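For reference, the structure is listed below as structure tokens.
Taken together, the values in this text are just the output of simple stated rules run on the coordinates, not laboratory data. A quick note: this is a predicted structure, and the numbers were derived from the prediction, not measured. Cβ placement follows ideal geometry from the backbone for every residue including glycine, while neighbour counts extend to all protein chains displayed.
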Amino acid sequence: MNPRWNGQFSRFHLVAKTSDCGRSVVRVRDIEIGGDDFVVMAGPCAVESEDQLLRTAEAVAKAGARLLRGGAYKPRSSPYSFQGLGEEGLKLLRKAREETGLAIVTEVMSEEDVELIAGYADVMQVGTRSMENYALLEALGRCKRPVLLKRGMTATLEEFLCSAQVIATAGNPDIILCERGIRTFETATRNTLDIAAVPVLKTVSHLPVIVDPSHAAGVRSLVPVLARAAAVVGADGLLVEVHPHPETAMSDGEQSLNFREFRDMMDDLEPYLALRQESRQPGPQLVAAGGHD
Ligand code: PEP
Ligand code: MN
């Protein structure tokens, strides 16, 4: 282990991996994230209609996903883009859970929406643009639902864990970290998947770490290979965008898989999941630094 990581990360004492806490498992209904299972969350970028969502839920459940993702409140870069169905979308997500048994993960953008969304969702997603929205993080700390915290697109791992510590300090220990690609000088992909972030985070933090290959790649042809890489480096699961007709999707169609592509991706992951176990042997731990502010 890089000795520098001690001073860098051990001050986030609630989320750092030390002799006090080796690995934590986040429980979502009957699903364990951070344990031995590789947990896949899949679904459309945005909830668009009942037909789109229910068909997708059925297809991803059949292929082995355990959670259904879908944005009802969308952080769009342009004010002219589709902003999501709001509460109507949350109701459709609840219906999809009733019909398929999949747990629901959906994004929350504002602290004012936390209570409403927590009434429908099993996991509260914090998007890359909100990683430093401290009012939101504190509200999620007081909420009784697990949080899927995405890495800010320009955030260092230290800043990422600092945001996790904010949620934990406010009272919520159930946090799942998500590497979704960062901004670099590269333009061939939408973001640059920082694959090293997975083993670094697994070394310095006890929290589960998943990878979002869809937003990292920005193009669907790269999603399966990045998913395989995530498994090999020891990730706890994936967040993947899937749509019945990616070419007509209201957001992120270029990076969404259709049902057949998702099924193939899941089937092709099998041999890589065996390699995943090898990257998950208990490693060195940070020296506990005690509380810091
Ligand atoms: C999403 O998951 O659809 C999303 C908006 O992701 P990110 O915050 O990583 O851009
Ligand atoms: Mn998206």
Check your understanding: Rounded to the nearest 5, what % of the DSSP beta bridges within the chain are antiparallel ones?
Key -> 20 percent
Exercise for review: Could I have the simple spin-label model distance between Glu254 and Ala196, label points 7 Å from Cα toward Cβ, reported in nm to one decimal?
Suggested key: 2.7 nm
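Divide, for segment 54-101, the radius of gyration over alpha carbons by 2.2 N^0.38 Å, where N is the residue count.
Working: Rg = 12.4 Å, N = 48, 2.2 N^0.38 = 9.6 Å.
Rounded to two decimals, the normalised Rg is 1.29.
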Study note, to complete from the structure: Sorted by chain and then number, the residues having a modelled amide H within less than 5 Å of the amide H of Ser205, at least 5 places away or on another chain, are Lys17
Check your understanding: In degrees from 0 to 90, rounded to the nearest 10, what is the angle of the helix 87-100 Cα long axis to the longest principal axis of the chain?
Key -> 90 degrees
Study note, to complete from the structure: Long-range amide H partners of Val240, meaning residues 5 or more apart or on another chain whose placed amide H is closer than 5 Å, are Met41, Ala42, Gly43
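Rank the residues Met109, Met131 as a footprinting-exposure proxy: fewest other Cβ atoms within 10 Å of their Cβ go first.
On the way: Met109 19, Met131 24.
Starting with the residue having the fewest Cβ neighbours, the order is Met109, Met131.
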Practice item. Using the 2.2 N^0.38 Å rule of thumb for compact globular proteins, work out how segment 3-279 stacks up: its C-alpha Rg over that value, please. Key: 0.92
Exercise for review: Just rank Val198, Val108, fewest to most, by other beta-carbon atoms within 10 angstrom.
Suggested key: Val198, Val108
